[in-house]
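Single-structure report; data block below.
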Amino acid sequence: MVFLKGKFQSQQLPAHYLQAAINGVIPQENGILQSDYGGETIPGPAFDPSHPASAPAPSSSSAFRPVMPSRQIVERQPRMLDFRVEYRDRNVDVVLEDSCTVGEIKQILENELQIPVSKMLLKGWKTGDVEDSTVLKSLHLPKNNSLYVLTPDLPPPSSSSHAGALQESLNQNFMLIITHREVQREYNLNFSGSSTIQEVKRNVYDLTSIPVRHQLWDGWPTSATDDSMCLAESGLSYPCHRLTVGRRSSPLQTREQSEEQSTDVHMVSDSDGDDFEDASEFGVDDGEVFGMASSALRKSPMMPENAENEGDALLQFTAEFSSRYGDCHPVFFIGSLEAAFQEAFYVKARDRKLLAIYLHHDESVLTNVFCSQMLCAESIVSYLSQNFITWAWDLTKDANRARFLTMCNRHFGSVVAQTIRTQKTDQFPLFLIIMGKRSSNEVLNVIQGNTTVDELMMRLMAAMEIFTAQQQEDIKDEDEREARENVKREQDEAYRLSLEADRAKREAHEREMAEQFRLEQIRKEQEEEREAIRLSLEQALPPEPKEENAEPVSKLRIRTPSGEFLERRFLASNKLQIVFDFVASKGFPWDEFKLLSTFPRRDVTQLDPNKSLLEVKLFPQETLFLEAKE
């Protein structure tokens, strides 16, 4: 432990002394060259996996010598991001690729909310306000995100009465974005409209350890004059309002800060720590005397203990990781370990990835160096984003450690769980590389925290080579299986079409037979009807007169279309209709056939049927012939 010797001060130790101490203990073999003062980092030769020519030549100035994989790195697939955007009493879900811009989200919201882009402020970004041209990929966002829209230039919707508006506000939830000034930490807190300002300040005390009487606020509306006032009456902006809180400085602290500039700083051993046992008597909180000690005591846990939902725990882990080590870090999968398995393994073979499980431990001396200088290195972040699904868990708390060991035992077996259980604290953090197989999940590699950037990259690439070889076999097997399934589907489809064709033929034949039967029935009915008409006409004919008759007799000889002759005698006084009836009784109805005479040729059926044979000159004998009408 490092102390300040001499007159007691609340001065923080300059960062370059601490950096020099760390550099003296841990060799700088991670590809980042430290300056003499530790205040700045000078990046070594950048590693670009896609350009082997850019790798630095071997040199004694850096231990970073990247090992290139023998196979070409698969190009990064587009990543889909989900946004839940809240505006007043509406929620809009937007799904976009991470290659899109913030402006494209606003254009979608303009169509959904009917709000011009120029009047719209899109808030809720972890990095603060962003430009419309900002690419989402550069923000390193999780898969699921929550944003909200503010429209300060647009009037709020009118309500029927002040009482109704107040009641509506009491039922609404206010999002308070509270920034802790001293540690630059941001809290997003939800409060109902019926909560009081006093309740907000008490909640902030639980988060920041700043007593209510020592809280110094900025951002409350001028109408918020009483701590007993509820949020709905205080004039807060809905749905979101920004506030800033800090610790109110005491007179003693102000005087001590003015004396810090003239105090000599000396490095002393741990035995001199007794000089500061009574620091609290001077109004100085524990942990604020030293720079690193202050940071260690003030920082929030990476993950809540006994979290019910793994996704919520990972959200806090990602937010805390970003606040500690910056936004350039691997994209941690938000969800359960089972969901990470689904995302990495249970997809088509071409879309599968390796699963990297990062196990964090705050009490390990290697954690800060591993996270800040290796896990957040741009080359590592890029390689993990392209080829891995990265899932994280914090083992600092015993409950979280036991929970992960249970998951580990269930998914990887007791051997892996026992291996992690026996790891000492100083061996953390751990990086587990998991590859999914047909029957089980295989742990390819366990990387401990005492490594370097180039060694970490080499081991990731080695795991990727093993995975790529297995993936090619899986792709081949999957293609063959799909080909077999396609053949089977084609055969099934051909069989189905054949059955349908046979059924269609059978149905067509049945329809044809039914039609023939129907036509046959009609024909039979028509024949029966004609036969009945013929018989009735035959019965109605007068008897044929004898050759020797007192009255004049006309003898008619009628030739049918088949060449046969019909002969009969009629009285000269008989009407022509009787001749027509006689012909019809023989099967030649006069509406279908016409009766013609030879000399002179004339159509007898056109004559008046009520005239006698004598009047139409069919006496004493005549030869006629039948001809079908057209």
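The values are calculated or read from the model by the stated rules, or taken from the named source; none is laboratory data. As the structure is a computational prediction, the values presented were derived from the model and not from experiment. Neighbour counts are summed over all protein chains in view; Cβ atoms, including those assigned to glycine, are modelled from backbone coordinates with ideal geometry. Accessible surface areas use protein heavy atoms only, side chains included; no ligands, DNA or RNA. Shrake-Rupley method; radii C 1.70, N 1.55, O 1.52, S 1.80 Å.
Inside the stretch 87-197, counting only strands (runs of 3 or more DSSP E) that do not spill past its ends, which hold 3 or more residues that are open to solvent by 70 Å² or more (accessible area, probe 1.4 Å), under 24 Å from Leu314 (Cβ atoms) and at pLDDT 85 or above? Full working, then the answer.
On the way: elements: 90-97, 121-123, 144-150, 173-180, 185-192.
Here the list reads 90-97.
Looking only at the stretch 557-606, filter to residues that are open to solvent by 40 Å² or more (accessible area, probe 1.4 Å) and in contact (Cβ under 8 Å) with a residue 60 or more places away in the chain; which one of those is nearest to Thr623 (Cα to Cα)?
It comes out as Arg557.
Test Val604 against the criterion of being more than 23 Å from Glu547 (Cβ to Cβ), aliphatic (A, V, I, L, M), touching a Leu at 6+ places or on another chain (Cβ under 6 Å) and assigned by the TED database to the domain that holds Phe565, and give yes or no. Spell out the reasoning first.
On the way: more than 23 Å from Glu547 (Cβ to Cβ): yes; aliphatic (A, V, I, L, M): yes; touching a Leu at 6+ places or on another chain (Cβ under 6 Å): yes; assigned by the TED database to the domain that holds Phe565: yes.
Yes; evaluated as a whole, the condition is true for this residue.
What about Tyr358, is it crowded, with 18+ Cβ neighbours inside 10 Å, of a type in the set (Phe, Trp, Tyr) and under 30 Å from Thr208 (Cα atoms)? Lay out the reasoning, then the answer.
Numbers: crowded, with 18+ Cβ neighbours inside 10 Å: yes; of a type in the set (Phe, Trp, Tyr): yes; under 30 Å from Thr208 (Cα atoms): yes.
In short, yes.
Scan the stretch 607-622 for residues that are in contact (Cβ under 8 Å) with a residue 24 or more places away in the chain and open to solvent by 60 Å² or more (accessible area, probe 1.4 Å) and report the count. Can you show your working first?
Step one: of the stretch 607-622, the residues in contact (Cβ under 8 Å) with a residue 24 or more places away in the chain are 607-614, 616, 618-622.
Next, only the ones that are open to solvent by 60 Å² or more (accessible area, probe 1.4 Å) stay: 608, 610-611, 614, 619-621.
Count: 7.
Considering only the stretch 427-439, how many residues are modelled with pLDDT under 85 and open to solvent by 50 Å² or more (accessible area, probe 1.4 Å)?
Here is the first cut: in the stretch 427-439, the residues modelled with pLDDT under 85 are 436-439.
In the following step, the residues that additionally are open to solvent by 50 Å² or more (accessible area, probe 1.4 Å) were identified as 437-439.
So the answer is 3.
Return the residue satisfying two criteria in turn: it lies in the stretch 445-473 and is over 30 Å from the mean Cα position of the chain (by Cα) and among the small types (Gly, Ala, Ser), and of such residues it is most open to solvent (accessible area, probe 1.4 Å).
Only one residue fits best here, namely Ala462.
Filter the stretch 230-246 for residues that are touching a Lys or Arg at 6+ places or on another chain (Cβ under 8 Å) and assigned to a strand (DSSP E or B) and give the result.
If we filter the stretch 230-246 for residues that are touching a Lys or Arg at 6+ places or on another chain (Cβ under 8 Å), which is where we start, we get 238-240, 244-246.
Passing the criteria: Cys240, Thr244, Val245, Gly246.
Ile533 - would you say it is more than 30 Å from Ala344 (Cβ to Cβ) and in contact (Cβ under 8 Å) with a residue 60 or more places away in the chain? Spell out the reasoning first.
Values: more than 30 Å from Ala344 (Cβ to Cβ): yes; in contact (Cβ under 8 Å) with a residue 60 or more places away in the chain: no.
Judged against the criteria, Ile533 is not a match.
Counting only residues that are free of Cβ contacts under 8 Å to residues at least 40 places away in the same chain and either under 26 Å from Lys123 (Cα atoms) or not polar (S, T, N, Q) (or both), how many does the stretch 216-249 have?
Taking the stretch 216-249 and keeping what is free of Cβ contacts under 8 Å to residues at least 40 places away in the same chain, we get 216-229, 234-235, 248-249.
Narrowing further to those that are either under 26 Å from Lys123 (Cα atoms) or not polar (S, T, N, Q) (or both): 216-224, 226-227, 229, 234-235, 248.
Total meeting the criteria: 15.
So, of the residues in the stretch 305-329 that are without any contact (Cβ under 8 Å) to a residue 24 or more places away in the chain and of a type in the set (D, E, K, R), which turns out to be least open to solvent (accessible area, probe 1.4 Å)?
That would be Glu320.
Check Arg489, Arg506, Arg523 and return the single one that is of a type outside the set (A, V, I, L, M) and within 30 Å of Trp590 (Cα to Cα). Steps first, please.
Values: Arg489 fails: within 30 Å of Trp590 (Cα to Cα); Arg506 fails: within 30 Å of Trp590 (Cα to Cα).
None of the others qualify; the one that does is Arg523.
Just wondering, is there one or more residues in the stretch 378-388 that are without any contact (Cβ under 8 Å) to a residue 24 or more places away in the chain and open to solvent by 20 Å² or more (accessible area, probe 1.4 Å)? Steps first, please.
First pass over the stretch 378-388, keeping only residues without any contact (Cβ under 8 Å) to a residue 24 or more places away in the chain: none.
No, every residue in the stretch 378-388 fails to be without any contact (Cβ under 8 Å) to a residue 24 or more places away in the chain and open to solvent by 20 Å² or more (accessible area, probe 1.4 Å).
In this structure, is Glu442 touching a Lys or Arg at 6+ places or on another chain (Cβ under 8 Å), in the same structural domain as Lys397 (by the TED database) and open to solvent by 60 Å² or more (accessible area, probe 1.4 Å)? Reasoning before the result, please.
Values: touching a Lys or Arg at 6+ places or on another chain (Cβ under 8 Å): no; in the same structural domain as Lys397 (by the TED database): yes; open to solvent by 60 Å² or more (accessible area, probe 1.4 Å): yes.
Judged against the criteria, Glu442 is not a match.
Looking at the stretch 476-490, can you tell me whether even one residue there is buried (at least 17 other Cβ atoms within 10 Å of the Cβ) and either touching a Ser or Thr at 6+ places or on another chain (Cβ under 6 Å) or part of a helix (DSSP H, G or I) (or both)?
Checked against the condition, which is being buried (at least 17 other Cβ atoms within 10 Å of the Cβ) and either touching a Ser or Thr at 6+ places or on another chain (Cβ under 6 Å) or part of a helix (DSSP H, G or I) (or both), the stretch 476-490 yields no hits at all.
If you go through the stretch 457-474 one residue at a time, do you hit one that is closer than 26 Å to Ala349 by Cα, without any contact (Cβ under 8 Å) to a residue 12 or more places away in the chain, among the small types (Gly, Ala, Ser) and outside the structural domain of Ser372 (by the TED database)?
No.
Inspect all residues belonging to the stretch 208-215 and state whether any of them is within 39 Å of the chain's Cα centre (by Cα), under 13 Å from His180 (Cα atoms) and not in a loop (DSSP other than H, G, I, E, B).
First, pick out the residues of the stretch 208-215 that are within 39 Å of the chain's Cα centre (by Cα): 208.
Those still in the list that are under 13 Å from His180 (Cα atoms) too: 208.
In the following step, the residues that additionally are not in a loop (DSSP other than H, G, I, E, B) were identified as 208.
Yes; the residues of the stretch 208-215 include at least one that is within 39 Å of the chain's Cα centre (by Cα), under 13 Å from His180 (Cα atoms) and not in a loop (DSSP other than H, G, I, E, B).
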